[in-house]
1. Taking only pairs six or more apart or across chains, which ones have beta-carbon atoms under 7 Å, a first residue in the stretch 642-662 that is without any contact (Cβ under 8 Å) to a residue 60 or more places away in the chain, and a second residue that is assigned to a loop (DSSP other than H, G, I, E, B) and surrounded by fewer than 22 Cβ atoms within 10 Å (Cβ to Cβ)?
2. Looking at the stretch 444-469 only, could you name the residues that are crowded, with 24+ Cβ neighbours inside 10 Å, assigned to a helix (DSSP H, G or I) and in contact (Cβ under 8 Å) with a residue 40 or more places away in the chain?
3. Do you know which residues across the stretch 136-153 are surrounded by fewer than 20 Cβ atoms within 10 Å (Cβ to Cβ) and either in a helix (DSSP H, G or I) or modelled with pLDDT under 90 (or both)?
4. So which residues in the stretch 491-533 are crowded, with 21+ Cβ neighbours inside 10 Å and without any contact (Cβ under 8 Å) to a residue 40 or more places away in the chain, if there are any at all?
5. From 351, 319, 295, which residue is within 23 Å of residue 507 (Cα to Cα) and either under 28 Å from the mean Cα position of the chain (by Cα) or modelled with pLDDT of 95 or more (or both)?
6. Residues in the stretch 20-40: is at least one closer than 23 Å to residue 118 by Cβ, part of a helix (DSSP H, G or I) and touching a helix residue (DSSP H, G or I) at 6+ places or on another chain (Cβ under 6 Å)?
7. May I ask you to say which residue of 586, 598 is surrounded by fewer than 17 Cβ atoms within 10 Å (Cβ to Cβ), out of contact with any helix residue (DSSP H, G or I) (no Cβ under 8 Å at 6 or more places or on another chain) and touching a residue at least 24 places away in the same chain (Cβ under 8 Å)?
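The values are calculated or read from the model by the stated rules, or taken from the named source; none is laboratory data. Fair warning: this is a prediction, and the values are worked out from it, not measured in the lab. Note that we place each Cβ from the backbone using ideal geometry, even for glycine, and neighbour counts take in every protein chain shown.
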């Protein structure tokens, strides 16, 4: 026996040194010295397994068990599994993951229902990036989780595995099955940590991977743990809306309003319900009524601001008055609320991270002298939209045409993934330096550490992360351009506009200083146009009919403008109205049919289309249309540019606010004044005139085609030079004033 123990000690020494074959030889000698000691057989096979001799290891174990009865064999299998488990844990600690995986695969062969071992195997497969998403179903893990008593499951291991599965393969149906099957094993004291895993995964899946349908299912699972959790209900409302489950979204948005108490949370809940109603494109009357209530809540918040706001409240309140321009063309009122709310958020944002804010301000002062006499500026661009998005399509020309001898370009992408799509890849190649993150503090630190001279944000109020970054003023000069309208955030210095898109008195109600570029506030060199997929016969429309067209999201379709559009269709014989956009299709149809009945228009003259698979196909199908009818008080922007680029006449109504003047400035900078209306009556008249006068339509189309050669709207290079000149002007002013 002493000889056997000697050989065992020698074997273990070799094992720890990684000499598995020599260790196996020592165990052979230990077996010869003590053949009755089964543990030596298990260790002998284990050494062979570690040496890569799988068949030999299995044969060694099998031979040791041949003489046993069923009860002994069962006991020996348990002993063998214990040895394999200890070895797997040891090799995992040693970061020898491939060997640990081999050992656990052997455990799986012996006991395929060992749920804890399967959890380890999932983690190892994810670590090796060999996980396909099918293993959960193949190993029947949901069924095993259901059948296994909770005390037998290592909960920490279960939760860690669930987190990794949702990060690595969040779109796999088996991931949802795994999450659902895990619920019964969650002890009450671990509810919060489990919710954190589910919510983090859902947020990334919904917001960054753009699969809100799967994100909604994850939150449905989370709600089983906390049915009345207000934050979960609110998230679910958002994901329902984003995945076009509109009525469910409204239901959850209503529920959320009943679960919150503080005034800031009531404001946000009210905004959520407003968003849910607006997104359908068909709940206009209720949305308008609720907007009045929402505005009253906001006024209360402004008059009675809380002493402190949480980080989450600060983030969400930036967008508290987001939908106002869709309801009313009252820029003085709208800007008042935007500015007041932004100031409230700013005060609390700085307070929440006072040291960071103070550090940035002090460093701007310290770096001031080193910034003088610079011949090359560091320009930072931050956005969530450097991808196939309206902002992404429009901003690319400025980035492409920048003078790299005078400007270093830094891109700050708000994203959780490395690459979004082909347009993201293009942007990544264009920037001299790139930083990607979804965390506002990380982004702010990166901008500050890069010593950016001028930071341009492209998202405005559409992305709360951008607002949070901007609020800490990581760059000494900060500008808003393109994304929506000015945010009102006090740390924004300038707002890029032009002579048309803002009226002359706009300076009175914007907190930002307005830079009016010489011609247009945006310009593109053009758009890629695909192959049309739509024909008149597909719509059951005769060849000589006049096709009016509108393609917008549901919340741009103000009910008063729809009435004007339908009056135009009624007044133009043999005309049809083609309606397309993201919204609740049935609600949109119901709204248009009801209003058509009110104005006496035959519903058969309305056609409703699904959105096109790509932007290029949408642009190609635009050429089928005769006249595009713009929305008001929120005009098209990218949709207007696309319309003008393919040469289709446009009718737009001009207002006072930025969003009611987008199409106006684009038409003027394309050299076309036909279709510009200043009143409801003019809007109708232009629609009828263009609809009934084919020669006039052809004249406008010809103008638009000729404009490609000379118009400022289609000259991205000239636009870039004008923007760069503005950058130098504000930079030199900053040096003088500082």
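1. 649/674; 654/678
2. Listed by number, the residues that qualify are 444, 447, 466, 467, 469.
3. Passing the criteria: 137, 138, 142, 143, 144, 146, 147, 150, 151, 152.
4. Those that are crowded, with 21+ Cβ neighbours inside 10 Å and without any contact (Cβ under 8 Å) to a residue 40 or more places away in the chain: 492, 495, 512.
5. Details: 351 fails: within 23 Å of residue 507 (Cα to Cα); 295 fails: within 23 Å of residue 507 (Cα to Cα).
Just one listed residue meets the conditions, 319.
6. Kept after step one, since they are closer than 23 Å to residue 118 by Cβ, are these residues of the stretch 20-40: none.
No: the stretch 20-40 contains no residue that is closer than 23 Å to residue 118 by Cβ, part of a helix (DSSP H, G or I) and touching a helix residue (DSSP H, G or I) at 6+ places or on another chain (Cβ under 6 Å).
7. Working: 598 fails: out of contact with any helix residue (DSSP H, G or I) (no Cβ under 8 Å at 6 or more places or on another chain).
Exactly one residue qualifies, and that residue is 586.
A quick yes/no check of all residues on (1) in the same structural domain as residue 584 (by TED's automatic domain parsing); (2) in a helix (DSSP H, G or I); (3) at pLDDT below 95; (4) within 25 Å of residue 585 (Cβ to Cβ):
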{"position": "492", "(1), (2), (3), (4)": "no, no, no, no"}
{"position": "511", "(1), (2), (3), (4)": "no, no, no, no"}
{"position": "534", "(1), (2), (3), (4)": "no, no, yes, yes"}
{"position": "547", "(1), (2), (3), (4)": "yes, no, no, yes"}
